[in-house]
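The values are calculated or read from the model by the stated rules, or taken from the named source; none is laboratory data. Since the model is a prediction, treat every value here as computed from it, not as a measurement. Cβ coordinates were reconstructed from backbone atoms using ideal geometry, including for glycine residues, and neighbour counts include every protein chain displayed.
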Amino acid sequence: MSRGTISIAGIGKEFGTTTVLDGVDLTIAGGSFVTLLGPSGCGKTTLLRLIAGFLEPSRGTIAIDGAPMGGVPPRRRPLGMVFQNLALFPHLDVFENVAYGMRIRGMAAAVISGRVSKFLALVGLAGFERRRIGQLSGGQKQRVALARSLALEPAILLLDEPLSALDLQLRRQLQVELKSIQRQLATTFVFVTHDQEEATMLSDTIVVMNGGRVQQVGTPGEIYRRPASPFVARFVGDINMLDGRISAVDSTAVAVSLGGTKISVPRSTLVGTPGIGAACQIACRPEAVRLGHAADGALSLDARISALHRLGPTVKAVLDTPLGPLTALSMADTPQGAELAEGKTVRLSVPSDSFTVFAST
Amino acid sequence: MRGATSAPQSLGWLLLPALLVLALFLGSVALLFFHAFWGKDGFSLVYFRQILDRADYHEVFLRTVSIASIVSIAAAVLAYPIAWLLWRLPRWRNLLLVIVLVPWLVSLVVRTYGWLVILGPKGFLNETLKWAGVIQSPLPLIFNDLGVVIGLTHVLMPFAVISTLSVLLQIDNRLEEASESLGAGGFETWRRVVLPLSLPGVFTGLSITFLTSMGAIVTPILLGGIRQKMAGTQIYQEVVYNFNMSKASAWAICLLLLSALGLALLRAAEAALVPKADR
């Protein structure tokens, strides 16, 4: 078990009569970049504050590298934290902000100034030692907050939506830097966000949360390709969702009727326990919906293009189909992509293995 | 268009009361300077000489500045823990704030007589101490400078509490969490983060209490010694008993200059002590 492993078992948290977290079990591998992803109010920030020790759980235990953290105050936990509003000390300059934790530890002045230089260089702020916090831009403040929390070389760094206040371009740039810093230091990063693109871009592991529960844990690819619930499917990336009914199940295939159309998909695409005749939801990503190809998919029908959005290299088509509206995403510079136009009728097909079938439970 | 032009015209009348107050204020200040600098034969510094040449008056100035300094520092020191407690106990804040402000709900004279009952030679404190055998004869707690300091500190402390509290309430509580996550305990966090950030409020309190004690009249008259006068009581005496407006005006200008000097020193101390927290 590498340094910075977090074991969370049976965590529940209530505020008054409101349940914020309910039965959360999670192991965060040491040295990995883990994102807690979910809509606001899903309990992700509460979970982060429980790990930090600013809150105590109502039930369950949290251990860091095998040591139980119950009753251990934040200052005795081997972790650093970057706050949503950064919480830089406005009365101290950049150097003193980064040096703060080391001053508390009573480290020697020479060691402190060496480490401050090292971490300011790491975040690209060498030479900013004597700047006042008020003189820094949003991105620079962000870097100071990161350097300050890393200066004590914690095993774990907790980040509470630290990039949410920045504009998109700067956010993308800092995401790249954040990931490269995490790789260099091999510190466990636990990052809270509601932005699924950010989560996908940064993480080794994504923990999707909703309603105080963990919905799914997996790599960004797994979460995208094999969502464990309709909620995850909708929350991570665009998706088409159709209501259907399971008409037959055998060891290799599932037959689903969508309105009048029957399709057959591999058994491996099924999530949940199917009942014959039970309602289900069937999902496919827009890029799995092929336009203008020979009809070779499990689902194949004619549709009229009701709207067309050209987005740089891709083109997004909203289609009127007998099953309801579907979205398709194609590459713009293919012959098929170039021919698309609003009002046109096209043949669409979806390969059988790109569906996910959610049996209602 | 018509509305846009007529509205400011009609609203202009609302300025009238403010202008009236301003005119009265400027008028009285002008009168003050006229009285102070206008002798029988035109411009004169004779009234200032009457004050500045007398050694016993020097003592009055010294006492005024000393008492105001001691009161403002005592109020700041006593107010800080109270403000801190109010800040820390949001549930109790309103109730505690009412308790802090109670001295202001009682008239100045009644409140001052209350101190007579407690601190007087036959007052509650002396009687209790005598009964307990701690002292043989009553302690001189009142009708001297100590009495004035106690009375003024009591009245002025709420100013210091409120000015300190208002600054404490602006401190983002994430700063404390950040400090804690960097390994600091409660006291260390207070010393390194909360105290430096709350100093501007402490200095505002110091300025208010210092200036108010410099001009105190009723408290020194009721709780001070008969011969131990302050500048305010001196002015009161010149106006009410001696009808010497010129001398009273000269006193007032001296007091004003001393107060301004004190304020300038406070500002300098604040600039030296409080780091520029440019947020």
## Note on the structure
Restricted to the stretch B:227-265 and to residues being in contact with an Asp or Glu (Cβ under 8 Å, 6 or more places away or on another chain) and of a type outside the set (A, V, I, L, M), the residue nearest to B:LEU62 (Cα to Cα) is B:GLN228
### Message
Looking at the stretch B:26-40, I want the residues that are modelled with pLDDT under 95 and have a partner that is polar (S, T, N, Q) with Cβ atoms under 6 Å, at least 6 apart or on another chain. Which pairs are those?
### Response
B:LEU32/B:SER249; B:HIS35/B:SER246; B:HIS35/B:SER249; B:ALA36/B:SER249
### Query
Do the conditions hold for A:GLY80, that is, is it over 21 Å from A:ARG213 (Cα atoms), assigned by TED's automatic domain parsing to the domain that holds A:LEU136, out of contact with any His (no Cβ under 7 Å at 6 or more places or on another chain) and not in a strand (DSSP E or B)?
no
#### Entry: Residue within the stretch A:290-297 that is crowded, with 18+ Cβ neighbours inside 10 Å and under 24 Å from A:VAL254 (Cα atoms) present
yes
### Query
Of all residues in the stretch A:91-138, which are among the hydroxyl-bearing types (Ser, Thr, Tyr), in contact with a Phe, Trp or Tyr (Cβ under 9 Å, 6 or more places away or on another chain) and either outside the structural domain of A:LEU166 (by TED's automatic domain parsing) or assigned to a loop (DSSP other than H, G, I, E, B) (or both)?
none
### Task
Among residues belonging to the stretch B:160-196 that are of a type in the set (Lys, Arg) and facing chain A (nearest Cβ under 10 Å), point out the one that is farthest from A:MET81 (Cα to Cα).
B:ARG192
### Query
Name the residues in the stretch A:36-54 that are within 11 Å of another protein chain (Cβ to nearest Cβ) and surrounded by fewer than 21 Cβ atoms within 10 Å (Cβ to Cβ), would you?
A:ARG49, A:PHE54
#### Entry: Residue list for the stretch B:136-152, restricted to those being buried (at least 24 other Cβ atoms within 10 Å of the Cβ) and not in a loop (DSSP other than H, G, I, E, B)
B:GLY147, B:VAL148, B:GLY151, B:LEU152
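Out of B:LEU206, B:LEU211, B:LEU199, which single residue is within 13 Å of another protein chain (Cβ to nearest Cβ) and either touching an Asp or Glu at 6+ places or on another chain (Cβ under 9 Å) or in a helix (DSSP H, G or I) (or both)?
Values: B:LEU206 fails: within 13 Å of another protein chain (Cβ to nearest Cβ); B:LEU211 fails: within 13 Å of another protein chain (Cβ to nearest Cβ).
On inspection, the qualifying residue turns out to be B:LEU199.
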### Task
Would you point out which residue out of A:GLY124, A:GLY101 is facing chain B (nearest Cβ under 8 Å) and touching a residue at least 40 places away in the same chain (Cβ under 8 Å)?
A:GLY101
### Which listed residue is more than 10 Å from chain B (Cβ to nearest Cβ), in contact with an Asp or Glu (Cβ under 8 Å, 6 or more places away or on another chain), among the charged types (D, E, K, R) and in contact (Cβ under 8 Å) with a residue 24 or more places away in the chain, from A:ARG3, A:ARG59
A:ARG3
#### Entry: Residues that are more than 7 Å from chain B (Cβ to nearest Cβ), hydrophobic (A, V, I, L, M, F, W, C) and in contact (Cβ under 8 Å) with a residue 40 or more places away in the chain, drawn from the stretch A:80-98
A:VAL82, A:LEU86, A:LEU88, A:LEU92, A:VAL94, A:VAL98
### Query
Given A:GLN142, A:GLN173, A:GLN169, which one is at pLDDT below 95, assigned to a helix (DSSP H, G or I) and surrounded by 21 or more Cβ atoms within 10 Å (Cβ to Cβ)?
A:GLN142
### Query
Residue check, A:VAL346 against (1) under 22 Å from A:ASP250 (Cβ atoms); (2) crowded, with 19+ Cβ neighbours inside 10 Å; (3) not aromatic (Phe, Trp, Tyr), all met but one. Which one?
(1)
### Task
For B:ALA250, work out the one condition from (1) assigned to a helix (DSSP H, G or I); (2) touching a His at 6+ places or on another chain (Cβ under 9 Å); (3) within 14 Å of chain A (Cβ to nearest Cβ) it doesn't fulfil.
(3)
